[in-house]
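The values are calculated or read from the model by the stated rules, or taken from the named source; none is laboratory data. On a predicted model such as this, the values are computed, not experimentally measured, just so you know. Note: ideal-geometry Cβ built from the backbone for every residue, glycine included; neighbour counts use all protein chains shown.
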Ligand code: 13P
Ligand code: SF4
């Protein structure tokens, strides 16, 4: 039963001691979060992997791209373990390496540069810089690292786009169209200069002429959890709870972000709730496990999810305490199960793009 599982996890943790660190994303279920040594958003978790060199094993309770990033940023000796290898991210899967390569070649033709070796023009700027959201495969981070590009997370997307516009006229942003659009809009870029890039169509479904004016090319990806949030839900929350404060994740569609009072990463959402007052009513547009945990932590406030239908991230949910117990007990027995290893040829250029992100300061 569950109690038995928790006892086994605690026992294995105690045996492994300093050799182990368990990282958990905010979207993990409570049964898993209770065992994490550190909980954070995807940027904080990347930093956590970077700053725990004493741990021999990093057990990552999150999704595949996060564990890959932890492997790239941790030392060569450290082992990163994903308790369930089927914990992926459907958004990350929406941009594959081949489609991005093809798009890049088409883009190079439109703007007249060498796709392998883009050169700055007389303004000292590149025609396009590729920016990948953290929610992408290590191969795409490597793609960015090799072409002057960079990684961003939901907590630093503005800083990263500013970094990119200091160096280039345009950005190719993948996979999340919504984070790209919401961030570019907040920076004052008009919607007409944000064409969508649909990888199933030639030139992403655009004319070469339209693309001349573009400032950001938005890949056709989205998060199936966050695209469920609607303006109607926000209107209803405001009607039913006058004075309600609405905060959503920037993976929500633009009209939802516009109708909310605030948008921010999972940690920004946590901080928003932390800074609220007793009796406040807060409606949140993000994954349900996180919203329910905040509601339980702050019982003197009314905190609820905008979507009345329970909306967990089904892949985050694949990390079950049973898998956690299994990988930990294997470690105790001297075996490493479910290790995530990014091959050197991908890890090295991917780290370049990640290091640019870590060095970009607001
Ligand atoms: P954060 O970077 O805000 O933690 O978001 C990660 C994620 O996958 C949101 O869906
Ligand atoms: Fe991916 Fe969406 Fe789940 Fe985040 S919430 S891990 S973007 S599917």
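Here's the yes/no breakdown for (1) over 30 Å from residue 343 (Cβ atoms); (2) surrounded by fewer than 17 Cβ atoms within 10 Å (Cβ to Cβ); (3) outside the structural domain of residue 254 (by TED's automatic domain parsing):
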site	(1), (2), (3)
106	no, no, yes
148	no, no, yes
164	no, no, yes
184	yes, no, yes
205	yes, yes, yes
Quick one: which strands (runs of 3 or more DSSP E) lie wholly within the range 1-68 and hold at least 2 residues that are away from ligand 1 (no atom under 16 Å from the Cβ)? 20-25, 57-61
Going through the range 293-309 in order, the residues found to be part of a loop (DSSP other than H, G, I, E, B) and within 16 Å of ligand 1 (Cβ to nearest atom) are 306, 307
Given the criterion assigned by TED's automatic domain parsing to the domain that holds residue 130, in contact with a strand residue (DSSP E or B) (Cβ under 9 Å, 6 or more places away or on another chain), closer than 30 Å to residue 309 by Cα and at pLDDT 95 or above, identify the matching residue among 211, 218. 218
Which condition number does residue 174 fail, the rest of (1) touching a residue at least 40 places away in the same chain (Cβ under 8 Å); (2) touching a helix residue (DSSP H, G or I) at 6+ places or on another chain (Cβ under 6 Å) being met? (2)
Filter the range 311-325 down to residues that are surrounded by fewer than 19 Cβ atoms within 10 Å (Cβ to Cβ) and away from ligand 1 (no atom under 16 Å from the Cβ) and give me whichever is farthest from residue 48 (Cα to Cα). 322
Within the range 36-53, can you find the residues that are in contact with a helix residue (DSSP H, G or I) (Cβ under 7 Å, 6 or more places away or on another chain) and away from ligand 2 (no atom under 13 Å from the Cβ)? 38, 39, 40, 44, 46, 49, 50
Going through 293, 345 one at a time, which residue ends up being within 28 Å of residue 59 (Cα to Cα) and within 16 Å of ligand 2 (Cβ to nearest atom)? 293
Would you mind listing the strands (runs of 3 or more DSSP E) fully within the range 113-188 where at least 3 residues are more than 15 Å from ligand 1 (Cβ to nearest atom)? 126-133, 168-174
Of the residues 116, 105, 56, 31, which is at pLDDT below 95 and more than 16 Å from ligand 2 (Cβ to nearest atom)? 116
Among (1) touching a strand residue (DSSP E or B) at 6+ places or on another chain (Cβ under 7 Å); (2) assigned to a helix (DSSP H, G or I), where does residue 98 come up short? (1)
Of the residues in the range 224-246 that are within 16 Å of ligand 1 (Cβ to nearest atom) and surrounded by fewer than 24 Cβ atoms within 10 Å (Cβ to Cβ), the one that is nearest to residue 313 (Cα to Cα) is 224
Residue in the range 84-95 that is nearest to ligand 1 (Cβ to nearest atom), counting only those that are in contact with a helix residue (DSSP H, G or I) (Cβ under 7 Å, 6 or more places away or on another chain) and outside any helix (DSSP H, G or I): 89
Tell me, please, whether a residue that is touching a strand residue (DSSP E or B) at 6+ places or on another chain (Cβ under 6 Å), under 30 Å from residue 174 (Cα atoms) and within 16 Å of ligand 1 (Cβ to nearest atom) can be found in the range 70-83. yes
Among the residues of the range 253-270, which ones are more than 18 Å from residue 237 (Cβ to Cβ) and within 14 Å of ligand 1 (Cβ to nearest atom)? 265, 266, 267, 268, 270
